[in-house]
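So the structure is just underneath, and the comments pick up after that.
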Amino acid sequence: MAAPGLPYDDRDGWIWMDGKMWPWREAKVHVMSHGLHYGGSVFEGERMYDGQIFKVKEHSERLVNSGNLLDMPLPYTADELNQHSYEVLEANKISNGYVRPLAWRGPEAMGIPAQACKTHVAIACWEWPKYFFPKSGDNAGLALKTSKWRRCDPRTMPVQAKCAGIYGVGTLAKHEADRAGFDDALMLDVHGRVAESSGANLFVVKDGMIKTPVPECFLNGITRQTVIKLARDLGYTVEETVIMPDDLKNVQEIFLTGTAAEIAPVSKIDDAVNLPIGPVTERLKSAYADLVRLKAKAA
Ligand code: PMP
């Protein structure tokens with residue numbers, strides 16, 4: 001396992017890129033790549049548990065769809081991407097960790113139009129046990145700060161594309177929260193409704209019912225969809241609805257979901273909301289942990 005904190009180009013291992021496996025340190029792109037200048041890149045974040053990538057089909061399909069939404073068709077099918085992802089796991093001898101497929105526009109043309117650019121694809125994987133490290137301690141819930149930055153109008157960007165260009169605002173929001181001593185940002189959408197955090201979807205529990213915002217202005221996460229189904233299978237009522245910032249003052253539990261974050265309890269929003277980690281969050285956390293491992297066992 002690479003030492004935590006090592007720069008991502010100063011590691012050993014293998015990265016699959018454009019049809020072949022490269023030594024990690026040699027998997028490079030040219031500085032004149034269109035994707036770097038104009039945000040033309042899409043990516044995925046996947047977790048593998050005991051050698052199986054959870055929801056690999058959904059992730060590969062989303063990557064292909066993200067490319068299409070950016071008018072940047074990928075030169076590989078979702079099935080081919082699945083296969084190459086497993087080749088990367090095999091080459092790196094990793095069975096629990098994170099997989100990062102990435103597609104970007106190459107350096108064949110400069111300027112806004114990108115029709116002449118080739119779409120390049122790479123897949124890397126590494127061990128990444130935990131995404132969040134709450135400032136109040138490993139077992140604490142997260143503290144979120146409402147960001148001044150908002151999720152954009154779906155008429156401004158194709159919000160269901162997991163596109164690098166959209167992440168600039170997430171990074172700004174995360175920095176803002178971090179500087180103020182919080183763990184992450186609570187992001188509202190363009191209409192002022194609760195949307196999500198900088199990199200995970202949000203759920204609340206109110207009077208035994210689970211609610212989550214409608215994914216109109218933000219990514220409809222694969223974990224979000226999994227948790228909605230899981231909660232319904234466990235007998236909870238789950239409602240996709242409008243949640244306003246003030247509504248958060250009247251809920252009993254809040255948690256985030258995402259591939260990297262899995263299910264992460266939230267204990268604090270600004271100075272307005274303080275919550276313990278509640279029983280519904282704990283139950284879903286444990287059911288989700290069972291689900292990802294069960295899927296790995298059955299494969
Ligand atoms: N929103 C954003 C902005 C994200 O980056 C992620 C992580 N990909 C999510 C939501 C959750 O998506 P998923 O459950 O598919 O990982």
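The values are calculated or read from the model by the stated rules, or taken from the named source; none is laboratory data. As the structure is a prediction and not an experimental result, all values here were calculated from the model. All Cβ positions, even for glycine, are placed from backbone atoms using ideal geometry, and neighbour counts span all protein chains on display.
How many residues does region 67-83 contain that are out of contact with any Pro (no Cβ under 8 Å at 6 or more places or on another chain), of a type outside the set (F, W, Y) and in contact (Cβ under 8 Å) with a residue 40 or more places away in the chain?
Selection size over region 67-83: 5.
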Go through (1) in contact (Cβ under 8 Å) with a residue 24 or more places away in the chain; (2) away from the ligand (no atom under 15 Å from the Cβ); (3) part of a helix (DSSP H, G or I) and name the single condition E239 misses.
(3)
Exactly one condition in (1) within 21 Å of G137 (Cα to Cα); (2) within 16 Å of the ligand (Cβ to nearest atom) is not met by P276; state its number.
(2)
Selection status of A261, in contact with a helix residue (DSSP H, G or I) (Cβ under 9 Å, 6 or more places away or on another chain) and at pLDDT below 95
yes
Considering T223, T259, T241, which residue is surrounded by fewer than 15 Cβ atoms within 10 Å (Cβ to Cβ), of a type in the set (S, T, N, Q) and under 30 Å from R155 (Cα atoms)?
T241
Which is away from the ligand (no atom under 16 Å from the Cβ), in contact with a Gly (Cβ under 7 Å, 6 or more places away or on another chain), modelled with pLDDT of 95 or more and outside the structural domain of G97 (by TED's automatic domain parsing), of S198, S267?
S267
Selection from region 83-109 of residues among the hydrophobic types (A, V, I, L, M, F, W, C), surrounded by fewer than 19 Cβ atoms within 10 Å (Cβ to Cβ) and in contact with a His (Cβ under 7 Å, 6 or more places away or on another chain) yields A109
Against the definition (touching a residue at least 60 places away in the same chain (Cβ under 8 Å) and of a type in the set (S, T, Y)), how does T281 come out, yes or no?
yes
Restricting to region 27-74, name every residue that is away from the ligand (no atom under 16 Å from the Cβ), crowded, with 23+ Cβ neighbours inside 10 Å and in a helix (DSSP H, G or I).
H34, G35
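Looking only at region 192-209, how many residues end up being part of a loop (DSSP other than H, G, I, E, B) and under 24 Å from V280 (Cβ atoms)?
The initial filter retains those residues of region 192-209 that are part of a loop (DSSP other than H, G, I, E, B), namely 192-193, 197-200, 207-208.
Applying the additional criterion that residues be under 24 Å from V280 (Cβ atoms) yields 193, 197-200, 207-208.
Summing the residues that are part of a loop (DSSP other than H, G, I, E, B) and under 24 Å from V280 (Cβ atoms) in region 192-209 gives 7.
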Which of the residues belonging to region 201-232 are more than 13 Å from the ligand (Cβ to nearest atom), among the small types (G, A, S) and touching a strand residue (DSSP E or B) at 6+ places or on another chain (Cβ under 8 Å)?
A231
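Return the only residue of D233, D138, D246, D183 being without any contact (Cβ under 8 Å) to a residue 12 or more places away in the chain and under 19 Å from A272 (Cβ atoms).
From the options D233, D138, D246, D183, the qualifying one is D246.
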Can you give me the number of residues within region 148-191 that are assigned to a loop (DSSP other than H, G, I, E, B) and β-branched (V, I, T)?
3
